[in-house]
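Structure, as structure tokens:
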Amino acid sequence: MKPIDPGRFDRRIVIQQLTAASPAQDVFGAPSETWTTYANCFAEKLDVGGRERFQTSGRQAEVDTVFRMHYQSGITNKMRIYYNSTAYDIVYINELGRRQYLEIRATAMVD
């Protein structure tokens with residue numbers, strides 16, 4: 001595989017994992033979720049699509065994004081990417097080359 005120009009990895013992202021639910025509860029009595037940092041890294045960000053959804057709370061947009069980064073082991077689709085005050089749910093992870101890069105497809109709900 002041809003190397004990706006490292007200058008394209010210009011976005012600092014945080015990969016987060018959901019930790020065990022804390023004993024604290026939210027206003028509805030459900031255990032509160034806590035996301036902790038798994039890794040900080042640089043990535044290339046490509047917006048590849050989107051759509052609008054209508055919910056009882058109003059109209060929301062869902063954005064499909066691909067993040068490309070240097071390979072890092074242990075990342076799963078149960079994690080999320082936090083970038084620019086937006087949380088992206090990881091949908092699919094594709095290994096590029098022989099552990100050279102990761103291509104992560106993710107979605108985010110934006111107002």
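The values are calculated or read from the model by the stated rules, or taken from the named source; none is laboratory data. All values reported here derive from a predicted model rather than from experimental measurement. Positions of Cβ are generated from backbone atoms using ideal geometry, with glycine treated the same way; all protein chains shown enter the neighbour counts.
Pairs are defined by a Cβ separation below 7 Å, a sequence spacing of at least 6 or placement on different chains, a first member in region 61-82 that is farther than 17 Å from Asp111 by Cβ and part of a strand (DSSP E or B), and a second member that is at pLDDT below 95 and hydroxyl-bearing (Ser, Thr, Tyr); the pairs so defined are Arg68/Tyr101; Met69/Tyr101; His70/Tyr101.
Note on region 57-93: residues that are surrounded by fewer than 13 Cβ atoms within 10 Å (Cβ to Cβ) and touching a Phe, Trp or Tyr at 6+ places or on another chain (Cβ under 9 Å) amount to 1.
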